[in-house]
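Scroll down for the structure; my scribbles are underneath it.
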Amino acid sequence: MASGVTVSDLVMKVFNEMKVRKCSTPEEIKKRKKAVIFCLSQDKKQVIIEEGKEILVGDCCDLDDVYSHFIKMLPKDDCRYALYDASYETKETKKEDMVFLFWAPESAPLKSKMIYASTKDALRKKFTGIKHECQVNHQEDIEDRSTLANKLGPTVISLEGKPI
């Protein structure tokens, strides 16, 4: 990678598990990841899964609004990457697509923004098959569902069961 940052094997394992939806039993489906947030390791040399920052499909039943819960997991003052398995509806059909999110808030330290930005493209290339990418720099933009809905397509009418 341009920044010299590598991607942990666990990150790639989680990505591949999220990408392949071959869960057969209800228990397996509940254990599937709905969202995962990634950060840089303390030494800034590796992209890792941020501890405690994931939502399982089984957790969604307990959450009033899974999208809002996901947004609240993002730090207010530092950058992150995330994979979000978006469930949405267009005028024609219901869909599920993986979204790669790059969160770089204005309040993040400049050094953090630089290393996350220089690592983003190489990480994104490792996540093959993802159709949607979203970079967000303001809390208000990510809280507004229409920001993500617009990335998913012009005919999206609901995201996670909530109207746009």
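Bear in mind these aren't lab numbers, they're just calculated from the coordinates by the rules spelled out. This one's a predicted model, so the numbers in the text were calculated from it and none came from an experiment. Counting neighbours? That spans all protein chains shown, and the Cβs are built from the backbone with ideal geometry, glycine included.
List of remarks:
- Our coupling estimate for the range 128-135, obtained by passing each phi through the Karplus curve with A = 6.51, B = -1.76, C = 1.60 and θ = phi - 60°, is 5, x, 7, 8, 10, 9, 9, 10 Hz, Gly and Pro reported as x.
- Ranked by the mean number of other Cβ atoms within 10 Å of their residues, highest first, the peptides 71-84, 138-151, 41-54 come out as 71-84, 138-151, 41-54.
- Those lysines that a straight Cα-Cα span of less than 20 Å connects to K111, excepting residues fewer than 8 apart in one chain: K44, K45, K76, K120
- Rounded tilt (10° steps) of 9-19 against the dominant C-alpha axis of the chain: 20 degrees
- With contacts taken as Cα pairs under 8 Å at a separation of at least 6 residues, the chain carries a relative contact order of 22 percent.
- Label selected from (i) 2, 8, 16, 19, 18, 16, 11, 7, 4, 1, 0; (ii) 1, 6, 9, 11, 9, 7, 5, 4, 4, 4, 4, 4, 5, 5, 5, 5, 4, 3, 2, 2, 1, 0, 0, 0; (iii) 1, 8, 18, 22, 21, 16, 9, 4, 1, 0, the criterion being P(r) over Cα pairs in 5 Å bins from 0, in percent as computed here: (iii)
- Cα centroids of the range 130-160 and the range 76-120: 10 Å apart.
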